[in-house]
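Trainee: After the structure tokens below, expect a handful of questions from me.
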Amino acid sequence: MKREVIGALCGVLVAAGAPVLAETAAGTAPTVVELYTSQGCSSCPPADDYLRKLAAEPGVIALALHVDYWDYIGWEDKFGSAKYTARQKAYAHANKSNTIYTPQMIVGGVDLVEGTNPETVEGAIRRHQSASPAVNLHLVRHGEQVQIAAEANPPLTAPLRVQLVRYRPTARVNILHGENAGRVIEYTNIVTAWSNLGEWDGRGDLNLTAPVEGDEPVVVILQADGPGRIFAAAELK
């Protein structure tokens, strides 16, 4: 397991053929699992393999965010981004920790699991899936636009961030240097973009449209600030 001490942080639709639909409704809301990983981390391949299994499970949106803070040890992660390192640090800060780990899985925005621990992750997923969703989220794709609609019943007491995520479903990487030198590793659901579309107050209905160019799957996540609890998520493959 790798760790890094981070210290204190300062804080109009265009129709193109039949639309593609996705939604969350009562009893069917998927659970988001974020894996923070690195091609330069020898402890990460078991977690990468486990994420591939999670991605095949119904009711789970599994996302791999590759960090960049192990690039210096001999191999630059081809999918690594400082943005994903910053997101992981924000989770640590929100949980009053000054340490980040790879691999680390975060379930539903609130359960932080260090290392590869399927029993703990699956227990957290079951808890999230057994809870009644506070928000219903609906997506409709028209060509290169996605329409996002949501409603909360009862209304929420704090706003949520509306986030749009794109990912590459799979990639096989031949790692030539660093701790995993000589290994060929298959990665799953590699996040290629994570953007904030704005805030929704959670009182009135949410209706907005965002561009989604290309064929990569689309995920929309409604999350409390912090980052904190993920109230709703939906996916279009």
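Trainee: Assign unit charges at the C-beta atoms only (+1 for Lys and Arg, -1 for Asp and Glu), then state the dipole size of the chain relative to its Cα centre in Debye, rounded to the nearest 20.
Mentor: So the magnitude is around 220 debye.
Trainee: By how many nm would the segment from K53 to E213 lengthen if fully extended, with 0.36 nm per residue of separation less the alpha-carbon distance?
Mentor: Working it through step by step, the gained length comes to 54.8 nm.
Trainee: What ranking do 173-180, 127-134 get when scored by the average of other Cβ atoms within 10 Å per residue, highest first?
Mentor: Peptide ranking by packing, descending: 173-180, 127-134.
Trainee: Dipole magnitude of region 174-237 about its Cα centre, charges +1 at Lys/Arg Cβ and -1 at Asp/Glu Cβ only, in debye to the nearest 20?
Mentor: 180
Trainee: Using Cα-Cα distances under 8 Å and only pairs 6 or more residues apart, what relative contact order does region 13-236 have, in percent?
Mentor: Taking the mean separation of contacting Cα pairs over the length of region 13-236, I get 27 percent.
Trainee: In the neighborhood of V32, defined by Cβ-to-Cβ distances under 12 Å, what is the net charge if each Lys or Arg adds +1 and each Asp or Glu adds -1?
Mentor: -2
Trainee: Pick out, from A232, T157, A29, the residue whose Cα sits farthest towards the positive end of the charge dipole of the chain, with +1 on the Cβ of Lys and Arg and -1 on the Cβ of Asp and Glu.
Mentor: T157
Trainee: If packing is taken as the mean number of other Cβ atoms within 10 Å per residue, what is the order of 157-163, 197-203, 227-233, 47-53, highest first?
Mentor: Output ranking for 157-163, 197-203, 227-233, 47-53: 227-233, 47-53, 157-163, 197-203.
Trainee: So, one more: Of K78, K83, K89, how do they rank once you tally other Cβ atoms within 10 Å and put the fewest first?
Mentor: K78, K83, K89
Trainee: Just rank E235, E114, E34, fewest to most, by other beta-carbon atoms within 10 angstrom.
Mentor: E114, E235, E34
Trainee: To make sure I understand, if each residue's beta carbon is the centre and we count other beta carbons within 10 Å, what order do D215, D225 fall in, fewest to most?
Mentor: D215, D225
Trainee: Also: Tell me, what is the FRET efficiency for R172 and D71 to the nearest 0.05, using R0 = 30 angstrom and their Cβ-Cβ distance as r?
Mentor: The value I calculate is 0.95.
Each value in this text was obtained by applying a stated rule to the coordinates, not by laboratory testing. This one's a predicted model, so the numbers in the text were calculated from it and none came from an experiment. Neighbour counts run over all protein chains shown; Cβ positions are idealised from the backbone, glycine included.
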